[in-house]
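*Asks:* Got a structure here, written out as structure tokens. Questions coming.
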Amino acid sequence: MTPILEVRDVRKSYGDFVAVGGVSMSVPPGSIFGLLGPNGAGKTSTIRMIMNITAPDSGEVLVFGHPRTGDDLRRIGYLPEERGLYRKMTVMDQLLFLGEIRGLKRAQLVPEVERWLARVELAPWAKKKIEELSKGMQQKVQLIGTVLHKPDLLILDEPFSGLDPLNQELFRELLQDYRTQGKSVVLSTHGMELAERMCDHICLISSGRAVLDGELRDIKRRVGGNSFRLLAEGDLERLKTMPEVEQATIQNGEVKLMLRPDADGAEALRQMVGFLKVREFRSEEPELEQIFMKAVRDAA
């Protein structure tokens, strides 16, 4: 199946600073793809090269199965991290304007905008000025403006920033609906928990380099085959000093453990019962945040 977006070893430097030091990724059609990493990892720089805002020093970007052209960009909806709305415009006028610059006619736009405003619970605010809206409401307007022309690919840079949990869930539902239409979403975020709930495929970036790329389910099997959940009492901090332990996240007597790939779980448990009162020790799928921390350490 031809990827809807393919990035091949793109690199970008500004003087001596390497913003992106060789990122490759492949976005399947009909997927939500997570471009993940901490702030400053190179996610936004990568997106700007995909959108042809900045040119890569080397590497290649392909969309819809071929090298990117200006016409291809019309089939992409892009929500940048730096939002841009006209504060004195009303919500309705702002969205009509955004639709018209995409080539849509006002007659077809009005009912579509009204449908979207109702869906995101902004219909009562249609005649309000943008400056009267909360940050979360403005974010909803931005998202509507990004999807009005029904793009085949959505690229969203930190779309959940500033949203409360209810609106995060609304955005999640909207993006999952978009995927069911056979379209693709590239979601750039440093929020691992949300990404884990939404993404089919991921690319983890650290310090401008891709450290993991592929289907999330396969990555979890490949990277996290030695993960365990431990319930115990005693000196839990001592777990972090065990040579078999690669990660130990401790919270309220529960420990998420990732052992080293060559470690034996039974032997590790035998050592733990020497200084802990163990109530439960069982294998479990690792969380995405655990995988990311391991990948960053391994790549360092």
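The values are calculated or read from the model by the stated rules, or taken from the named source; none is laboratory data. Worth saying up front: this structure is predicted, and the values here are computed from it rather than measured. Cβ atoms come from the backbone with ideal geometry, glycine included; neighbour counts cover every protein chain shown. Ligands, DNA and RNA are stripped out before the accessible areas are found, and what is left, the full protein with its side chains, is counted by its heavy atoms. Shrake-Rupley method; radii C 1.70, N 1.55, O 1.52, S 1.80 Å.
*Asks:* Would you please list the contacts, defined by Cβ atoms under 7 Å and residues six or more apart or on different chains, that run from a residue in the range 269-284 that is over 20 Å from P243 (Cβ atoms) to a residue that is modelled with pLDDT under 95 and open to solvent by 50 Å² or more (accessible area, probe 1.4 Å)?
*Replies:* Note: pairs meeting the criteria are K277/E233; K277/G234.
*Asks:* Assuming Q108 fulfils every condition listed in (1) at pLDDT 95 or above; (2) surrounded by fewer than 14 Cβ atoms within 10 Å (Cβ to Cβ); (3) in a helix (DSSP H, G or I) apart from one, which condition is it?
*Replies:* (1)
*Asks:* Quick check on my filter: what residues within the range 234-250 are under 19 Å from R279 (Cβ atoms) and either of a type outside the set (D, E) or in contact with an Asp or Glu (Cβ under 6 Å, 6 or more places away or on another chain) (or both)? Break it down stepwise before answering.
*Replies:* So in the range 234-250, the residues under 19 Å from R279 (Cβ atoms) come out as 234-239, 242, 245, 248-250.
Correct list: G234, L236, R238, L239, M242, V245, A248, T249, I250.
*Asks:* Now a separate question. As an exercise: evaluate G214 against (1) open to solvent by 30 Å² or more (accessible area, probe 1.4 Å); (2) free of Cβ contacts under 8 Å to residues at least 24 places away in the same chain and give the number of the one condition it does not meet.
*Replies:* (1)
*Asks:* With respect to R74, is the statement that it is within 23 Å of T44 (Cβ to Cβ) and touching a Lys or Arg at 6+ places or on another chain (Cβ under 9 Å) true?
*Replies:* Taking the combined requirement at face value, the residue satisfies it.
*Asks:* Could you check the range 116-153 and list, in sequence order, the residues that are among the basic types (K, R), under 22 Å from Q176 (Cβ atoms) and at pLDDT 95 or above?
*Replies:* Within the range 116-153, no residue meets the criteria.
*Asks:* So G30 passes all but one of these: (1) under 27 Å from F17 (Cβ atoms); (2) part of a loop (DSSP other than H, G, I, E, B). Which condition number does it fail?
*Replies:* (1)
*Asks:* Can you find a residue that is under 19 Å from I144 (Cβ atoms), open to solvent by less than 40 Å² (accessible area, probe 1.4 Å) and part of a strand (DSSP E or B) anywhere in the range 86-98?
*Replies:* The answer is yes, given that some residue of the range 86-98 is under 19 Å from I144 (Cβ atoms), open to solvent by less than 40 Å² (accessible area, probe 1.4 Å) and part of a strand (DSSP E or B).
*Asks:* Which residues, counting only those in the range 150-179, are free of Cβ contacts under 8 Å to residues at least 60 places away in the same chain, part of a helix (DSSP H, G or I), farther than 19 Å from P3 by Cβ and out of contact with any Phe, Trp or Tyr (no Cβ under 8 Å at 6 or more places or on another chain)?
*Replies:* Within the range 150-179, P165, L166, N167, E169, L170, R172, E173, L174, D177 meet the criteria.
*Asks:* Select from the range 218-270 the residues that are surrounded by 15 or more Cβ atoms within 10 Å (Cβ to Cβ) and acidic (D, E) and write down the one among them that is nearest to the chain's Cα centre (by Cα).
*Replies:* E246
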